[in-house]
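Student: Once you've had a glance at the structure underneath, I'll fire off some questions.
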Amino acid sequence: MVRNLILGYTTWAVELESSAGSPDFPLHHGRLSLSFAGTVADRGSAMTERVPTPALLSAWLRHAGLAAEEREPTRALYRRALRLREAIARAVSALVDGNRPSAEDVATLNDAARRWSSRPSLDVQTLTLSSSHPETIESGLGRIAADAIELLADPQERARLRRCGLDSCGAIFLTPAGHRERRWCSMARCGNRAKVTAFRKRAKSR
């Protein structure tokens, strides 16, 4: 257990492990940018860090299909990535609360997209689009920034943003369009936790 002081606040940083022994990196939030914000678990309570090291940030990007290389990012790049993540988290939380994202957070998203997003290019032989950047850590972060910008710029997508019904979780997710409202970011995770808590409360009241 280590302190992660790179964020704007202090939180305990712990590498979570799944039953199979690999890092626990859920991607159930409906958008890549929301899942990246979800690398801080339980924002409503303990604020557990899922990527407390540059190596685990690289592992998360590979797990999410955003980077092919196994290079460990520099500490400076790691800090920029966490600043991007927290800007996304604050921006979507503001929208769910009926507020506008701050100009500073929007500027962080725009800067990351300009800095790292791949630019389309035309192949002269095939006349097909290709990316001007390989699948690197930087390009993965650029894709996250671009995804967040597309989400925030789309009124229909913004209207689908929800906060997990489990207070201790606090994750922001995208409820499916045209389907029954999701109450929790994940039924398997928070839904079951909520049901267990409710069962215990009923048992105590008997």
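The values are calculated or read from the model by the stated rules, or taken from the named source; none is laboratory data. A quick note: this is a predicted structure, and the numbers were derived from the prediction, not measured. No Cβ is skipped: glycine too gets one built from the backbone with ideal geometry, and neighbour counts run over all protein chains shown. Protein only, heavy atoms only, side chains kept; ligands, DNA and RNA dropped before computing areas. Shrake-Rupley method; radii C 1.70, N 1.55, O 1.52, S 1.80 Å.
Student: Determine which member of the set Val96, Val106 is under 29 Å from Asp167 (Cα atoms) and in contact with a Leu (Cβ under 6 Å, 6 or more places away or on another chain).
Tutor: On the way: Val106 fails: in contact with a Leu (Cβ under 6 Å, 6 or more places away or on another chain).
Among Val96, Val106, only Val96 is under 29 Å from Asp167 (Cα atoms) and in contact with a Leu (Cβ under 6 Å, 6 or more places away or on another chain).
Student: Could I ask something else about it? Scan the range 42-66 residue by residue and report those that are open to solvent by less than 10 Å² (accessible area, probe 1.4 Å) and not charged (D, E, K, R).
Tutor: Going residue by residue through the range 42-66, those that are open to solvent by less than 10 Å² (accessible area, probe 1.4 Å) are 49, 51, 54, 57-58, 60-61, 66.
Scanning the range 42-66 gives Val51, Pro54, Leu57, Ser58, Trp60, Leu61, Leu66.
Student: Here's something else I'd like to know. Within the range 21-80, work out how many residues are over 19 Å from Glu138 (Cα atoms) and among the hydroxyl-bearing types (Ser, Thr, Tyr).
Tutor: The number of residues fulfilling the criteria is 3.
Student: For the range 81-97, does any single residue satisfy the condition of being open to solvent by 60 Å² or more (accessible area, probe 1.4 Å) and over 20 Å from the mean Cα position of the chain (by Cα)?
Tutor: No, every residue in the range 81-97 fails to be open to solvent by 60 Å² or more (accessible area, probe 1.4 Å) and over 20 Å from the mean Cα position of the chain (by Cα).
Student: State which residue pairs qualify: first residue within 23 Å of Ala159 (Cβ to Cβ) and touching a residue at least 24 places away in the same chain (Cβ under 8 Å) and inside the range 69-93, second residue open to solvent by 40 Å² or more (accessible area, probe 1.4 Å) and part of a loop (DSSP other than H, G, I, E, B) in any location, beta carbons under 8 Å apart, and separation of 6 or more residues or different chains.
Tutor: Ala89/Arg43; Ala91/Ser102
Student: Looking at Arg189, Arg200, Arg193, can you tell me which residue is part of a helix (DSSP H, G or I), charged (D, E, K, R), more than 14 Å from His29 (Cβ to Cβ) and at pLDDT 70 or above?
Tutor: Checking each option against the conditions leaves just Arg193.
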